[in-house]
Amino acid sequence: MDPWLIWLIIAAVLAVAEIFTLTAALGMLGAAALVTAGAAAVGLPLPFQFLVFTVGATVSVVFLRPIALRHVLQPQAERFGIDALIGRAAYVVSEVTGLGGRVRIDGEEWTARAYDETLVIPPGATVDVIEISGTTALVYPRD
């Protein structure tokens, strides 16, 4: 079997292993094996193939992996779904108490409860959405 094919198989195995581990290290080693497969296809002797693999793996794991992980582990820039509703203003449609009520958030009606169960919020008041619990918005009146 040709050496370039062996390096190609190693690169494929490392790429598949990376899919299951998501560590970025095995992907970098797979990329180094892919570069080494190219060097072997050109006809580089085996000791130099190992040197190419070692240099490629070292450079990618030491220098590129921290950059890749920094980009992957960044906090989510925007909130989506019900998380985006938290902190928004809502308009009380029907009286909101600790037991229930209705509010309008961005044009949609939601069931609501007062965040402070002792409060009674009259219709027409503006409230802030503090939390979403299931399909119920927990709200607190604006002062």
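Brief remarks follow.
- Extension gain from residue 108 to residue 71, taking 0.36 nm per residue of separation minus the Cα-Cα distance: 9.8 nm
- What you get for the chain, charging only the Cβ of Lys and Arg (+1) and of Asp and Glu (-1), is a dipole of about 460 debye around the Cα centre.
- Computed from Cα positions, the angle between helix 3-21 and the longest principal axis of the chain comes to roughly 20 degrees.
- Listed peptides 92-105, 47-60, 71-84 by packing density, highest first (mean Cβ within 10 Å): 92-105, 47-60, 71-84
- When the solvent-accessible area of segment 48-88 is split by element, carbon and sulfur atoms take up 70 percent of it, the probe being 1.4 Å.
- Accessible surface, per residue, of the chain when the full set of protein chains is kept, probe 1.4 Å, Å²: 64 Å²
The values are calculated or read from the model by the stated rules, or taken from the named source; none is laboratory data. Just so we're clear, the structure is a prediction, and the values are computed from it rather than from any experiment. All Cβ positions, glycine included, derive from the backbone under ideal geometry; neighbour counts span all protein chains shown. When the accessible area is computed, the model is the full protein with side chains, heavy atoms only, and any ligands, DNA or RNA have been set aside. Shrake-Rupley method; radii C 1.70, N 1.55, O 1.52, S 1.80 Å.
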